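Visitor: After the structure tokens below, expect a handful of questions from me.
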Amino acid sequence: MRDFSRTPEPRGRRCRARGRIYVVQKHAARHLHYDFRLELGGVLLSWALPRGPSLDPSARRLAVQTEDHPIEYARFEGTIPPGQYGAGTVMVWDIGTWEPVGDPEEGYREGRLRFVLRGKKLRGEWQIIRAPYRDSRGQKSWLLVKARDEAARSEAAGSILDEQPDSALTGRTLEEIAASHERPPTGRGAG
Ligand code: MN
């Protein structure tokens with residue numbers, strides 16, 4: 001794991017654009033997963049979703065909290081070199097802004113963050129809820145759950161992960177990104 005307080009890379013600047021940054025990065029590491037990130041307090045709070053997000057309110061998707069990332073990381077697409085933490089290809093699968101429902105700092109502290117997503121793929125209201133257990137490596141487990149609203153949809157109607165697999169930023173596939181040889185902003189790995 002990196003310690004951002006002990007590396008020379010820039011920490012996240014507060015984005016003055018309207019709304020807080022929201023991003024989901026599709027990450028073809030040892031296991032393909034999705035990294036869900038919300039800007040709060042000058043960093044990107046981060047969770048790894050082994051199965052990705054679901055539009056189905058009855059699907060409670062595991063979200064394993066990972067280290068905070070710098071704001072600059074939100075738009076990164078490219079390849080983390082072999083041997084680095086998180087080695088593999090990273091795609092910006094969805095990007096946009098998020099709006100908290102209620103006080104976000106308090107919600108985060110209490111382990112129940114309610115928010116509205118305004119991404120290119122994910123919309124409407126969601127919750128991320130801290131579960132009372134940790135995984136085998138001692139990392140905090142949360143559950144990402146879609147609220148019942150007009151943006152919700154049953155998994156039986158199809159998976160948005162399969163229907164819209166490509167980059168929300170550049171339209172590229174994972175293979176096209178892998179072939180581009182772009183490196184992370186810091187030249188280092190990431191969860
Ligand atoms: Mn990751």
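The values are calculated or read from the model by the stated rules, or taken from the named source; none is laboratory data. If you're wondering where the values come from, they're calculated on a predicted model, not measured in any experiment. We place every Cβ from the backbone using ideal geometry, glycine too, and count neighbours over all the protein chains shown. Just so you know, the surface numbers come from the protein's heavy atoms only, side chains and all, with ligands and any DNA or RNA stripped out. Shrake-Rupley method; radii C 1.70, N 1.55, O 1.52, S 1.80 Å.
Visitor: Run the quick spin-label model on ALA157 and LEU62: label points 7 Å from Cα toward the beta carbon, then report their separation in nm to one decimal.
Guide: The answer from the label model is 2.8 nm.
Visitor: Next question. Given bins 10 angstrom wide, list per bin the percent of all Cα-Cα distances in region 21-127, short to long.
Guide: Each 10 Å bin holds this share of Cα pairs: 15, 50, 29, 6, 0.
Visitor: A follow-up question, please. Roughly to the nearest percent, how much of the accessible area of the chain is carbon and sulfur, given a 1.4 Å probe? Provide the component values of the computation, followed by the final result.
Guide: Working: 4640 of 9570 Å².
Answer for the chain is 48 percent, counting heavy atoms of protein chains only.
Visitor: Using only the Cα atoms of region 116-191, what are the Rg and Dmax in Å?
Guide: Taking only Cα atoms of region 116-191, I get Rg and Dmax of 16.5, 41 Å.
Visitor: Given the protein chains as shown and a 1.4 Å probe, how many square angstrom of ASP56 are accessible, to the nearest 10?
Guide: Around 20 Å² of this residue is reachable by solvent.
Visitor: Related question: Keeping every protein chain present and rolling a 1.4 Å probe, give me the accessible area per residue for the chain in Å².
Guide: That works out to 50 Å² per residue.
Visitor: Which FRET efficiency value, to the nearest 0.05, is calculated for THR170 and SER136 with the Förster distance at 30 angstrom and r the Cβ-Cβ distance? Intermediate values should be presented prior to the final figure.
Guide: Working: r = 35 Å, r/R0 = 1.18.
E(calc), rounded to 0.05, equals 0.25.
Visitor: Under the rule a/c < 1.5 gives rounded, and otherwise a/b versus b/c splits prolate from oblate, where does region 89-141 land using the Cα gyration tensor? Display every interim value, and only then the final one.
Guide: Numbers: a/c = 2.77, a/b = 1.22, b/c = 2.27.
Oblate, because a/c is 1.5 or more while a/b does not exceed b/c.
Visitor: Here's another thing I want to ask about it. Between ARG51 and LEU143, what is the label-to-label distance in nm when each label sits 7 Å out along the Cα-to-Cβ direction?
Guide: So the label points at ARG51 and LEU143 sit 1.1 nm apart.
Visitor: Which loop trypsin sites (Lys or Arg not before Pro) in region 29-70, with loop taken from DSSP, have no more than 15 other Cβ atoms within 10 angstrom of their Cβ?
Guide: Loop-located and lightly packed - ARG30, ARG51.
Visitor: Can you give the translational diffusion coefficient of region 63-171 in µm²/s, computed by Stokes-Einstein from the Kirkwood radius over Cα pairs at 10 °C and 1.306 mPa s?
Guide: 99
Visitor: Scale the Cα Rg of the chain by the rule-of-thumb value 2.2 N^0.38 Å and send over the ratio, two decimals.
Guide: Rounded to two decimals, the normalised Rg is 0.97.
Visitor: If you don't mind, another one. Out of region 120-170, which GluC sites (Glu not before Pro) are coil in DSSP terms and have no more than 10 other C-beta atoms within 10 Å? Write out the running numbers ahead of the final one.
Guide: Details: sites: GLU125, GLU150, GLU155, GLU163; in loops: GLU150.
Passing sites in region 120-170 are GLU150.
Visitor: Further, regarding this structure: Could you tell me the accessible area of VAL92 in Å² (1.4 Å probe, neighbours in place), rounded to the nearest ten?
Guide: 0
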